[in-house]
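First comes the structure, then the notes that go with it.
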Amino acid sequence: MREVAIIGVGCTNFGEMWNRSFRDIFVEAGLSALEDASVEGEEIDALFVGNMSAGKFIDQEHIGSLIADYAGLASLHVPAVRLGAACASGGVALSQGVLAVASGYYDIVVAGGAEKMTDVGTGGAIDALASAADREWEVLMGATFPGLYAMIARLHMHKYGTTREQLAMVAVKNHLNATMNPKAQYRGEISIDEVMSSSLVADPLRILDCSPITDGAAAVVLAPAEIAKKYTESPVYVKASAQATDTISLHDRRDITTLDATVYAAKKAYKIASIRPIDIDLAEVHDCFTIGEICAIEDLGFVPKGNGGPATEDGLTALDGKIPVNPSGGLKACGHPVGATGIKQAVETVLQLRGEAGKRQVSGAEVGLTHNVGGTGGTAVVHILSINR
Amino acid sequence: MAVPRFWRNIPARYNLIGTKCLTCEKCYFPPRTTCPACRRAGKIEMHKFEGIGEVVTYTVIHSASEGFDRQTPYVLAIIRLDEGPCMTAQIVCDPNEIEIGMKVQSIFRKIAEEGPDGVICYGTKFAPKR
């Protein structure tokens, strides 16, 4: 297996983009990644695109062809494939792109992710997102997506004493980070009181505990590590790419408060990269709901199980903390265009490792981790990136 | 949901009929065609659950999906059935009354309606065991 590097990154603004289509945003992200990598279209061997549900959001399938076409690559007949794993679609696309380059089958690969969520009404978006859960035995029994995470939160509070305020602190921190991210959907600070008094969605989760509905796209360009320096002075190396699955239904899990898919993907990634959780300088984790980040920092091994709440309260995950988590603002405040999220996490981590993250720069960051979850944990993908080969 | 998709699950939805693997004696709800523990060595047969269980965790849904929006706020829970498996279902009770560990018992109820003129879906909810 060959070592793989990220030689270019691109990302659109995240938000409600009424004047822009799915194809517009994907092309923007892809072209800016190619420009960043100084790669010509003729050099691209393949496209891997993460997309959760263009079928439901824009009534469009056959995404590989559409994207190759509008990126101007149809005349080159570049192979393009769309990958779906709900909110982990981007992470899975990155993982498959990395494996394709590592195997030696392809050299230059674009791994991207895109979701256009605002071409349907809120009801339509909620229904599309609900298809990440078990439609027949969760959704048809009355579950909503926030409702499932609310049940994780309720049990976490019951078992470990996690407080409602500690959940709010995740949102407050991520909104603060997003004020320093010009691409973020929400760039205003919020307070603990505002989170605690926002409207109830699924008790104990309130609207400010939830990630928003977002349009956005992101892309990275991958190359074999041995030729990466031909394209860029600052390649970022993929030290590990690991994916794991678990039951699609939350109720079938070994432990409702642990995402075992995260635990397994992380263990595998640490082993491949030969590092420990303590070696990670920053992490972009899947905070689709505030409780998601608390579970993530536990399941990734940053803190012992049950300590996610107090660790957040103590500032461990703040931008100036021991392990800054979600410097981009996370899904919570940067936005969550579901299929793009896993790639955006890699884009942010690359910018941080290159020292190009502006006001939200984590100083001296050399090793970063990305953590992307599908559904309530039916899929998890972990990548470890480093500036050191 | 297409009528056949709902209709083919009616035994499970109305009467809590799941499956039991005769090799490992484990029970599953909803029914499965393969035992996740024994895989190909499993021997699956239908199994009717008693409908008694305990609340593992719960939420009160305030913002619901289509078909459920006239029921809000309602209690949704993960219930561990006495025979072992867990399932997601609504609990018919006062939202202030629900707690983790509460004993519950299955009841047959209307679950959702596909709009004012649409199909009504029936199935299983739970109520506090008195």
>> I'd like the full set of residues that are at the interface with chain A (Cβ under 9 Å from one of its Cβ atoms) and without any contact (Cβ under 8 Å) to a residue 40 or more places away in the chain, limited to the range B:89-106.
In response: B:Ala89, B:Gln90, B:Pro95
>> Of the residues A:Leu148, A:Leu200, A:Leu167, A:Leu205, only one is within 14 Å of chain B (Cβ to nearest Cβ), touching a helix residue (DSSP H, G or I) at 6+ places or on another chain (Cβ under 9 Å) and free of Cβ contacts under 8 Å to residues at least 40 places away in the same chain; which?
In response: A:Leu200
> In this structure, is A:Met52 touching a helix residue (DSSP H, G or I) at 6+ places or on another chain (Cβ under 9 Å) and modelled with pLDDT under 95?
Replying inline: no
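Based on this model, can you work out whether B:Gly42 counts as more than 16 Å from the chain's Cα centre (by Cα), more than 15 Å from A:Val139 (Cα to Cα) and within 13 Å of another protein chain (Cβ to nearest Cβ)?
So B:Gly42 fails the test.
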> Which members of the range B:56-78 meet the condition of being under 20 Å from B:Arg13 (Cβ atoms), outside any loop (DSSP other than H, G, I, E, B) and open to solvent by less than 30 Å² (accessible area, probe 1.4 Å)?
Replying inline: B:Ile61, B:Tyr74, B:Val75, B:Leu76, B:Ala77, B:Ile78
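Is there a residue in the range A:5-27 that is touching a residue at least 40 places away in the same chain (Cβ under 8 Å) and over 28 Å from A:Tyr186 (Cα atoms)? Outline the logic, then answer.
Our first condition is that a residue be touching a residue at least 40 places away in the same chain (Cβ under 8 Å); within the range A:5-27, this holds for A:5-18, A:20-23, A:25-27.
Okay, now just the ones that are also over 28 Å from A:Tyr186 (Cα atoms), so A:5, A:7.
Yes, because at least one residue in the range A:5-27 is touching a residue at least 40 places away in the same chain (Cβ under 8 Å) and over 28 Å from A:Tyr186 (Cα atoms).
Just to be sure, is A:Val120 out of contact with any Phe, Trp or Tyr (no Cβ under 8 Å at 6 or more places or on another chain) and either surrounded by fewer than 21 Cβ atoms within 10 Å (Cβ to Cβ) or under 30 Å from A:Ile207 (Cβ atoms) (or both)?
Working: out of contact with any Phe, Trp or Tyr (no Cβ under 8 Å at 6 or more places or on another chain): no; either surrounded by fewer than 21 Cβ atoms within 10 Å (Cβ to Cβ) or under 30 Å from A:Ile207 (Cβ atoms) (or both): yes.
Taking the combined requirement at face value, the residue does not satisfy it.
Return yes or no: is A:Lys332 basic (Lys, Arg) and open to solvent by 30 Å² or more (accessible area, probe 1.4 Å)? Before you say what the answer is, go through the steps one by one.
On the way: basic (Lys, Arg): yes; open to solvent by 30 Å² or more (accessible area, probe 1.4 Å): no.
Judged against the criteria, A:Lys332 is not a match.
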>> If I filter the range A:125-136 for residues that are open to solvent by 10 Å² or more (accessible area, probe 1.4 Å), touching a residue at least 24 places away in the same chain (Cβ under 8 Å), under 25 Å from A:Glu28 (Cα atoms) and more than 7 Å from chain B (Cβ to nearest Cβ), do I get at least one hit?
In response: yes
> Would you pick out the residues in the range B:45-55 that are within 14 Å of chain A (Cβ to nearest Cβ) and open to solvent by 20 Å² or more (accessible area, probe 1.4 Å)?
Replying inline: B:Glu54
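Residues in the range A:218-227: is at least one touching a residue at least 12 places away in the same chain (Cβ under 8 Å) and open to solvent by 10 Å² or more (accessible area, probe 1.4 Å)? Quick ask: steps written out before the conclusion?
Keep residues of the range A:218-227 that are touching a residue at least 12 places away in the same chain (Cβ under 8 Å), which gives A:218-227.
Subsequent filtering for residues that are open to solvent by 10 Å² or more (accessible area, probe 1.4 Å) retains A:226-227.
Within the range A:218-227, one or more residues are touching a residue at least 12 places away in the same chain (Cβ under 8 Å) and open to solvent by 10 Å² or more (accessible area, probe 1.4 Å).
Give, as residue ranges, the helices (runs of 4 or more DSSP H) completely inside the range A:271-377 that count at least 2 residues that are over 22 Å from A:Gln185 (Cβ atoms) and touching a Leu at 6+ places or on another chain (Cβ under 7 Å).
On the way: elements: A:290-299, A:308-313, A:330-334, A:338-354.
The qualifying helices (runs of 4 or more DSSP H) are A:290-299.
Table: residues versus (1) basic (Lys, Arg); (2) open to solvent by less than 10 Å² (accessible area, probe 1.4 Å); (3) within 14 Å of chain B (Cβ to nearest Cβ).
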position	(1), (2), (3)
A:Thr247	no, no, yes
A:Val285	no, yes, no
A:Glu293	no, yes, no
A:Pro310	no, no, no
> Just wondering, is there one or more residues in the range A:89-110 that are open to solvent by less than 60 Å² (accessible area, probe 1.4 Å), assigned to a loop (DSSP other than H, G, I, E, B), closer than 24 Å to A:Thr122 by Cα and modelled with pLDDT of 95 or more?
Replying inline: no
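Just the residues that are under 30 Å from A:Trp18 (Cβ atoms), in a helix (DSSP H, G or I) and open to solvent by 10 Å² or more (accessible area, probe 1.4 Å), please, taken from the range A:31-59.
Our first condition is that a residue be under 30 Å from A:Trp18 (Cβ atoms); within the range A:31-59, this holds for A:31-36, A:41, A:47-59.
With in a helix (DSSP H, G or I) added as a condition, the list becomes A:31-36, A:41, A:54-57.
Of everything in the range A:31-59, those that are under 30 Å from A:Trp18 (Cβ atoms), in a helix (DSSP H, G or I) and open to solvent by 10 Å² or more (accessible area, probe 1.4 Å) turn out to be A:Leu31, A:Ser32, A:Leu34, A:Glu35, A:Asp36, A:Gly41, A:Gly55, A:Lys56.
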> Looking at A:Lys159, A:Lys183, A:Lys173, which is the one that is away from chain B (no Cβ under 14 Å), part of a helix (DSSP H, G or I) and at negative phi?
Replying inline: A:Lys173
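The values are calculated or read from the model by the stated rules, or taken from the named source; none is laboratory data. Note that this is a predicted model, so its numbers are computed, not measured. When we count neighbours, we look across all protein chains shown, and the Cβ atoms used for this are built from the backbone with ideal geometry, even at glycine. Protein only, heavy atoms only, side chains kept; ligands, DNA and RNA dropped before computing areas. Shrake-Rupley method; radii C 1.70, N 1.55, O 1.52, S 1.80 Å.
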